[in-house]
Amino acid sequence: MDTVLSGIRPTGFLHLGNYFGALQNFTRMQFDNNCFFFIADYHSLTTHPHPADLHENIKNVLIDYLAAGIDPEKSTIYVQSDVPQVCELTTLLSMNVYVGELQRVASFKEKVRRQPDNVNAGLLNYPVLMAADILIHRADKVPVGKDQEQHLELTRDFAQRFNRIYETEYFKLPVAYNFGKQLVKIPGLDGSTKMSKSDNEASCIYLSDDPAVIRKKVMKAVSDSGPTEPNQPKPQAIENLFTLMQAVSAPETLAFFEEQYNKCQIRYGDMKKQLAEDIVQFTAPIYEKIKELRSNDDYIAKVARMGAEKARASADKTIKDVREIIGIKHF
Ligand code: TYM
């Protein structure tokens, strides 16, 4: 039985990118794998959220997880900060991680560019904390979107380094996982290549968006006046509409609009209308469940408590083993 671990930062509601990168289909793995789904609240502190927002965001991600089909009886759903062993493992791993290699990480360089006034040490150490999340449960598979690929490579490097230094095979080497051959990258509605809440709220479709909001956002998606010659390559914004359609629509629908595009007969208004309806249909059951769960605080609290207990038990075992391997022993 494999151990599968998926994590999401609580920075707002979950969008379609999070769903296809870290959740879709993986809910099916709950039946024959040991699955952990967690909320990476420590990671979200790198952008200094307001304390009042943080708890609310954690609760919303918990609700979105449940509504997307994670069963807390089969899987372990937990909040990262409920498992302090993660911090200990981060400290232990970081002794064998070099500042230079962290400075070269693409996501770090990107943050330095984007938020030059807040280049905190948490950002630099972000991949080590992430490796600790994964290694604390000795996960085999980690469902992630394309943007997390490098972090998974680093996790394998750190695990391998630990094994080499301590002459052990203790840590498994986890892989970034998706059911298809490729990791996915769901694009934004604003023409950007990645749906991301930090870039542009209007580019995201949230699982908790009301159908009317979804229709409005999709109709406003960036497009152009259409191709002027047959079989032309698609500009990025148009490619995005097709990628979204591929994710949520029937193959015949996608094939129909592909053909329209190639024949220069495409009407983006029609395509967006169809896309909006398909997204609405796709998210409707999740959206209904979210509404139901929002008024059930007791249940949410129970899920978080149960998950914390299960996650701590798993983490505790790893930390005990790691201390032993390193030579930290009780008198
Ligand atoms: P985060 O919170 O940015 O995103 C959560 C998950 O959603 C995926 N994702 C996407 N996938 C496809 N298309 C998109 N547009 C898109 N946007 C987001 C991300 O790849 C990710 O899988 N560092 C992580 C959180 C984390 C984590 C971990 C993940 C912390 N520790 C351990 C896995 C294992 C992050 O910031 O994800």
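The values are calculated or read from the model by the stated rules, or taken from the named source; none is laboratory data. In this text, all values refer to a predicted model and were calculated from it rather than measured experimentally. As a convention, Cβ positions derive from the backbone with ideal geometry for all residues, glycine included, and neighbour counts pool all protein chains shown. Quick note on the areas: whole protein, heavy atoms, side chains included, nothing else; ligands and nucleic acids left out. Shrake-Rupley method; radii C 1.70, N 1.55, O 1.52, S 1.80 Å.
Annotations
- Scope the range 118-143; condition part of a helix (DSSP H, G or I) and without any contact (Cβ under 8 Å) to a residue 12 or more places away in the chain; matching residues: Ala121
- The listed residues are Lys109, Lys146, and the only one of them that is surrounded by fewer than 23 Cβ atoms within 10 Å (Cβ to Cβ) and in contact (Cβ under 8 Å) with a residue 12 or more places away in the chain turns out to be Lys146.
- If the condition is being within 15 Å of the chain's Cα centre (by Cα) and either free of Cβ contacts under 8 Å to residues at least 24 places away in the same chain or open to solvent by 40 Å² or more (accessible area, probe 1.4 Å) (or both), then the range 160-178 contributes Val175, Tyr177.
- The requirement of being aliphatic (A, V, I, L, M), within 14 Å of the ligand (Cβ to nearest atom) and in contact with a Cys (Cβ under 6 Å, 6 or more places away or on another chain) is fulfilled nowhere in the range 156-165; no residue meets it.
- Arg104 being open to solvent by 10 Å² or more (accessible area, probe 1.4 Å), of a type outside the set (A, V, I, L, M), more than 19 Å from the chain's Cα centre (by Cα) and over 27 Å from Phe171 (Cβ atoms): no
- The range 127-155, subset of a type in the set (A, V, I, L, M, F, W, C) and under 21 Å from Gly17 (Cβ atoms), residue farthest from the ligand (Cβ to nearest atom): Leu152
- Remark: Ile63 falls outside the filter, which requires a residue to be in contact (Cβ under 8 Å) with a residue 24 or more places away in the chain, within 14 Å of the ligand (Cβ to nearest atom), closer than 21 Å to Tyr287 by Cα and among the β-branched types (Val, Ile, Thr).
- Subset of the range 191-203 that is crowded, with 18+ Cβ neighbours inside 10 Å, in a loop (DSSP other than H, G, I, E, B) and not hydrophobic (A, V, I, L, M, F, W, C) - its residue that is nearest to the ligand (Cβ to nearest atom): Ser196
- Hits in the range 1-35 (condition: in a strand (DSSP E or B) and near the ligand (Cβ under 9 Å from one of its atoms)): Leu5, Ser6, Gly7, Ile8, His15
- Criterion (buried (at least 21 other Cβ atoms within 10 Å of the Cβ) and of a type in the set (Phe, Trp, Tyr)) met by exactly one of Tyr19, Tyr98: Tyr19
- Residue in the range 81-95 that is open to solvent by less than 30 Å² (accessible area, probe 1.4 Å), at pLDDT 95 or above, away from the ligand (no atom under 15 Å from the Cβ) and over 20 Å from the mean Cα position of the chain (by Cα) present: no
- The range 1-17 residues that are farther than 20 Å from Ala247 by Cβ, paired with ones that are within 7 Å of the ligand (Cβ to nearest atom) and in a strand (DSSP E or B) (beta carbon under 7 Å, 6 or more apart): Val4/Pro143; Leu5/Val142
- The listed residues are Ala315, Ala311, Ala301, and the only one of them that is assigned by TED's automatic domain parsing to the domain that holds Ser81, in contact with a strand residue (DSSP E or B) (Cβ under 7 Å, 6 or more places away or on another chain) and at pLDDT 95 or above turns out to be Ala311.
- Residue in the range 58-75 that is closer than 16 Å to Phe38 by Cβ, open to solvent by less than 40 Å² (accessible area, probe 1.4 Å) and aromatic (Phe, Trp, Tyr) present: yes
- Annotation note: of Ala131, Ala121, the sole residue that is open to solvent by 30 Å² or more (accessible area, probe 1.4 Å), under 20 Å from Cys87 (Cα atoms) and over 13 Å from the mean Cα position of the chain (by Cα) is Ala121.
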